[in-house]
1. Could you count how many residues in the range 136-161 are out of contact with any helix residue (DSSP H, G or I) (no Cβ under 7 Å at 6 or more places or on another chain) and loosely packed, with under 13 Cβ neighbours inside 10 Å?
2. On the basis of being open to solvent by 30 Å² or more (accessible area, probe 1.4 Å) and either closer than 28 Å to residue 176 by Cβ or among the polar types (S, T, N, Q) (or both), does residue 68 make the cut?
3. Identify all residues within the range 94-105 that are over 18 Å from residue 175 (Cβ atoms) and open to solvent by less than 40 Å² (accessible area, probe 1.4 Å); write none if there are none.
4. Check whether at least one residue in the range 106-116 is crowded, with 18+ Cβ neighbours inside 10 Å and at pLDDT below 95, and report yes or no.
5. Filter the range 126-135 for residues that are modelled with pLDDT under 95 and open to solvent by 40 Å² or more (accessible area, probe 1.4 Å); which is farthest from the chain's Cα centre (by Cα)?
6. Among (1) under 18 Å from residue 9 (Cα atoms); (2) open to solvent by less than 20 Å² (accessible area, probe 1.4 Å); (3) over 14 Å from the mean Cα position of the chain (by Cα), which single condition is residue 123 missing?
7. Got a number for residues in the range 3-39 being under 24 Å from residue 177 (Cβ atoms), in contact (Cβ under 8 Å) with a residue 40 or more places away in the chain and β-branched (Val, Ile, Thr)?
8. May I ask you to verify whether residue 163 is within 16 Å of residue 111 (Cα to Cα) and within 15 Å of the chain's Cα centre (by Cα)?
Amino acid sequence: MKALSHFKTIMHHKKLVRKGCFKVGLYWQGVTHDLSKFSPSEFIVGAKYYQGTRSPNNAEREAIGYSSAWLHHKGRNKHHYEYWIDYSSRANPPGMLPCPMPDKYIAEMIMDRIAACKTYQGKAYTDKSPLEYYLAGKDPAPIHEYTKKYLEQFLYMLAEKGEEETFRFIKKEFLKK
């Protein structure tokens, strides 16, 4: 039963991301978003830890100390800033450094965050929800300043001006530059 519920949650999330991506002109990304969630590495774990009110990755993290599903997911989906962390021998000292995300993946990341909040918050969702979630749980992982600038700009714009204006700006200004 958890597997079916998990599948329905994934499909609902994908539908919301697809609608958002289509509104900003990212048709291929809207169709192919999160396909790795159907791989055994992600789906089986997601069904096992499914709760319906939050990501199963968080429950897996609590149970075993890390999320194998998240490690698989972030390495295959370019709309996560964690995908864009690479090793640099030119840094002082050498080590892991964030790279700037291409604009189309920043836009998809916004759609993903909106859809995740809508999926898990249901009727409690507001246009401030993605910003509040981001501010409450800023990940200590490095994020490139370019990526962070636009992520935060769009989350604040969404909170203050709503989806319609934010999506219009992303489509007409951000993705056209």
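1. Total satisfying the criteria: 7.
2. Criteria met by residue 68.
3. Listed by number, the residues that qualify are 95, 98.
4. Among the residues of the range 106-116, not one is crowded, with 18+ Cβ neighbours inside 10 Å and at pLDDT below 95, which makes the answer no.
5. The qualifying residue farthest from the chain's Cα centre (by Cα) is 135.
6. All conditions are met except number (2).
7. 2
8. In short, no.
The values are calculated or read from the model by the stated rules, or taken from the named source; none is laboratory data. These figures come from a predicted structure and were not determined experimentally. Reconstructed Cβ throughout: ideal geometry from the backbone, glycine too, with neighbour counts over all protein chains shown. Ligands, DNA and RNA are stripped out before the accessible areas are found, and what is left, the full protein with its side chains, is counted by its heavy atoms. Shrake-Rupley method; radii C 1.70, N 1.55, O 1.52, S 1.80 Å.
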